[in-house]
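Let me begin by presenting the structure, written as structure tokens, before commenting on it.
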Amino acid sequence: MNLLSIILPVLSQMKDSHLKKQLLAHFPTQEEKFKIIEESFKTFTSQKQPKEVLNTFFKSWSQTNNSAMTVAGLSNRMTMIVHKNKEVKSEYDLFRSVASLNRIVDEDLAVVGRVLHSTLFYNMATSIAGDDSWLSNTYLSKEAIAFKAWKDKNSLREKDIMVGLLTTLVHEIYTHGEVEFIIPLFEKMLEEDGRFSKSEIEKSLAWITVHCGPTEKNHFFHAVDAIHSYSKAFDITIEEYDLKEIVEDYLNLKADVMNALYTQVSEVYAI
């Protein structure tokens, strides 16, 4: 199993559209980046890691996946259009777009379920790292900073909101692949660690497991709906957008983050 083998079947479930053609065209071209990411996760989970490695891994990795605030900010930008009395062809479709976008962060913000997903990530990282010193920005890599800056620029500062919606689309389908790929790796790592009971492993990895199955897949299709509704609200032609640059930038920057983490582990063990 690899990332593409998880992602491509979901893309194939989409209705025929420009978005489907674009995603199926551009994701397979990034196989090299996927391999870098996969190798990083495999190497990290293959043996016990020193405290420094654990702290850097969780602090930097967190910057690539905890994006609820960014999605919420994109939603704010969309409703701000009405607040500023800008012309909208269909306020109903704009509302539908915002409604779809908000469904992506229901679980993250504890609107559905009782626990903030940021708390679940904190619990996971802290239980594995031993304490919460990983929260310090001293463990934040320059590659992780660059990834987060790019993603926030696309969603919160790029003039064309559609770019933010398309970036969210790419993020959601990638994240579906990542959580499904890493869950057996993390389970095996904690089982072999010897410090965790079965119930403690389940509790520690709750952040990953709650995103497995239909969760991220549903988020992806909510992102699809948000794009189509937004295009109707402003009479935008989706076919004018080429996702090649977004897909390449996303996976290049993500691979940079994970490669830096892989390099750190390799130096420790002289791999």
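The values are calculated or read from the model by the stated rules, or taken from the named source; none is laboratory data. It should be emphasised that the depicted structure is a prediction, and the values quoted were computed from it without experimental measurement. Ideal geometry is used to build each Cβ from the backbone, glycine not excepted, and the neighbour counts take in all protein chains shown. Note: areas computed on protein heavy atoms with side chains; ligands, DNA, RNA excluded. Shrake-Rupley method; radii C 1.70, N 1.55, O 1.52, S 1.80 Å.
Are any residues in region 151-160 open to solvent by 10 Å² or more (accessible area, probe 1.4 Å) and either free of Cβ contacts under 8 Å to residues at least 60 places away in the same chain or hydroxyl-bearing (S, T, Y) (or both), and if so, which ones?
Matches in region 151-160: K153, R157, E158, K159, D160.
Just to confirm my filter: which helices (runs of 4 or more DSSP H) fall fully inside region 161-271 and include at least 1 residues that are open to solvent by less than 40 Å² (accessible area, probe 1.4 Å) and hydroxyl-bearing (S, T, Y)?
Correct list: 161-193, 198-204, 214-233, 244-269.
Got a number for residues in region 13-34 being under 22 Å from F220 (Cβ atoms) and either among the aromatic types (F, W, Y) or open to solvent by 70 Å² or more (accessible area, probe 1.4 Å) (or both)?
8
Looking at F34, F95, can you tell me which residue is assigned to a helix (DSSP H, G or I) and more than 20 Å from the chain's Cα centre (by Cα)?
Exactly one of F34, F95 is assigned to a helix (DSSP H, G or I) and more than 20 Å from the chain's Cα centre (by Cα), namely F95.
Are any residues in region 44-91 open to solvent by 30 Å² or more (accessible area, probe 1.4 Å), outside any loop (DSSP other than H, G, I, E, B), within 27 Å of I183 (Cα to Cα) and of a type in the set (D, E, K, R), and if so, which ones?
The answer is K51, E52.
Hey, any hits in region 102-116 for a residue that's within 20 Å of the chain's Cα centre (by Cα), assigned to a helix (DSSP H, G or I) and in contact (Cβ under 8 Å) with a residue 60 or more places away in the chain?
yes
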